[in-house]
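Peer 1: Dumping the structure here so I can ask a few things about it.
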Amino acid sequence: MYTHLLVVGAGFFGAVIAERVAAELDLPVTVIDRRPHIGGNCWSAVDEETGVECHMYGSHIFHTSDGEVWKYLRRFTEFNAYRHHVWTQHAGHVYAMPINLHTINSYYRRNFSPEEARAFIREEAAAEGIVTPSNLEEKAVSLIGRPLYTAFIRGYTIKQWEKDPTELDPAIITRLPVRYNYDNRYFSDALEGIPLDGYGAVFRRMLDHPRISVRLETDFADLRETLSEDTLVCYTGAIDQFFDYSLGRLEWRTVDFAVERPPCADFQGTSVMNYADAEIPWTRIHEFRHYHPERPCTGRTVIFREFSRFAGPEDAPYYPVATPRNAALLEEYRRLAAALPDVVFGGRLGTYRYLDMDDTIAEALACYASVIRPRLIGTVRRR
Ligand code: UDP
């Protein structure tokens, strides 16, 4: 019998599992995280100098079309009415992202109707003769034609991934919609918002339970030799690290932020400005005051200028790199993971996938119901 759950990592996957086990099964849960705070990359905290709440690992906008996930998270927070809009700078001009009728008309200096724009782009794309796109560049060109791809996608993608777009998985670009109307909402989901009192408060409430103990600045590597037989582990750290990189390292992208507090109340007039051109070294600038239009303006602002690069061994992993080499290596690690009866892998790092917050929560709820709960209440016993 398992009598205890150890959750490694206090991001959304780990926090949901811990919360469910404590609240529903009334079993003791220990949550460890090597960082000095809970919340993983979703962590937010108020910047003391400016009074502005910052998403410490870059912008996190909660959006979902999954009513169950929304209902679950609303137990821990209300959301504000924020709707995400992104702008992008190219050759000294500002355009709307994702690419929509406004972007197309501004770029080509036309006033196409939706149908005219669709026909125009279809012709641009057809000129390339791509039948089955096999990489990001081909996929993007087949969707929007080469000029728009070159202006808005190519430079940004090279900066973000440091690979030629012909080497990248076409799926990366299908995250971005192309719209033939003037809807420039970044996300198409029905439900969207920022937690009213920030992500930090959400995680504090999720983990605030007498059966949950949280140990920060605690490394799994220092504990694993001392684990007792009756402990089930939910591991949300990097899967290759769990196996001491024995088969090699999975590649990750990380980001660096240059934090600035410009002497004004509003630096860029919006929360995220992308920089599409390869000559500008940063990919985007986040200005967090815009995530809470309902809060009184503090008269100050803080911006994070984002630079992307490959993660070294000590860096925070952000984005898995979708290449055939990494996919094959992941399969090998998955085989090793499947053979471990006492460890359940989950989350972005544990499964080496780029997951939005809502998908992470949905997967954690499903994992709790179909894997963790049955094992903890003894209906499934693998060893
Ligand atoms: N992308 C781009 N130009 C942009 C924004 C995105 O080329 O202005 C591409 C880029 O390849 C990126 C992908 O679209 O990796 C997904 O972008 P998204 O905004 O979803 O990335 P995230 O905000 O999650 O980092």
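Peer 1: Among the residues of the range 106-154, how many are of a type in the set (D, E, K, R), loosely packed, with under 15 Cβ neighbours inside 10 Å and closer than 25 Å to residue 275 by Cα?
Peer 2: So the count comes out to 2.
Peer 1: If residue 20 passes every condition in (1) under 23 Å from residue 140 (Cβ atoms); (2) part of a helix (DSSP H, G or I); (3) open to solvent by 10 Å² or more (accessible area, probe 1.4 Å) but one, which one does it miss?
Peer 2: Failing condition for residue 20: (1).
Peer 1: In the set 174, 226, which member is without any contact (Cβ under 8 Å) to a residue 40 or more places away in the chain, away from the ligand (no atom under 13 Å from the Cβ) and surrounded by fewer than 18 Cβ atoms within 10 Å (Cβ to Cβ)?
Peer 2: 226
Peer 1: Go through 331, 314 for me and flag whichever is more than 15 Å from the ligand (Cβ to nearest atom), out of contact with any Leu (no Cβ under 6 Å at 6 or more places or on another chain), free of Cβ contacts under 8 Å to residues at least 24 places away in the same chain and not in a loop (DSSP other than H, G, I, E, B).
Peer 2: Just one listed residue meets the conditions, 331.
Peer 1: Could you check residue 299 against (1) under 25 Å from residue 193 (Cα atoms); (2) over 21 Å from the mean Cα position of the chain (by Cα); (3) open to solvent by 60 Å² or more (accessible area, probe 1.4 Å) and say which number it fails?
Peer 2: (3)
Peer 1: Of the residues 118, 110, 74, 122, which is out of contact with any helix residue (DSSP H, G or I) (no Cβ under 9 Å at 6 or more places or on another chain), free of Cβ contacts under 8 Å to residues at least 40 places away in the same chain and over 30 Å from residue 204 (Cα atoms)?
Peer 2: 122
Peer 1: Here is a further query. Of the residues 256, 189, which single one is outside any strand (DSSP E or B) and closer than 24 Å to residue 356 by Cα?
Peer 2: 189
Peer 1: Regarding residue 102, is this residue open to solvent by 10 Å² or more (accessible area, probe 1.4 Å), touching a residue at least 12 places away in the same chain (Cβ under 8 Å) and part of a loop (DSSP other than H, G, I, E, B)?
Peer 2: Considered against the rule, which asks whether it is open to solvent by 10 Å² or more (accessible area, probe 1.4 Å), touching a residue at least 12 places away in the same chain (Cβ under 8 Å) and part of a loop (DSSP other than H, G, I, E, B), residue 102 comes out as no.
Peer 1: Under the condition of being in contact with an Asp or Glu (Cβ under 9 Å, 6 or more places away or on another chain) and of a type in the set (Gly, Ala, Ser), which residue from the range 306-339 is most open to solvent (accessible area, probe 1.4 Å)?
Peer 2: Once the filter is applied, the top-ranked residue is 327.
Peer 1: Out of all the residues in the range 346-353, is one or more open to solvent by less than 30 Å² (accessible area, probe 1.4 Å) and of a type outside the set (Gly, Ala, Ser)?
Peer 2: yes
The values are calculated or read from the model by the stated rules, or taken from the named source; none is laboratory data. Predicted, not measured: the structure shown is a model, and the values here were computed from it. Cβ atoms come from the backbone with ideal geometry, glycine included; neighbour counts cover every protein chain shown. Keep in mind that these areas ignore ligands, DNA and RNA; they rest on the heavy atoms of the full protein, side chains included. Shrake-Rupley method; radii C 1.70, N 1.55, O 1.52, S 1.80 Å.
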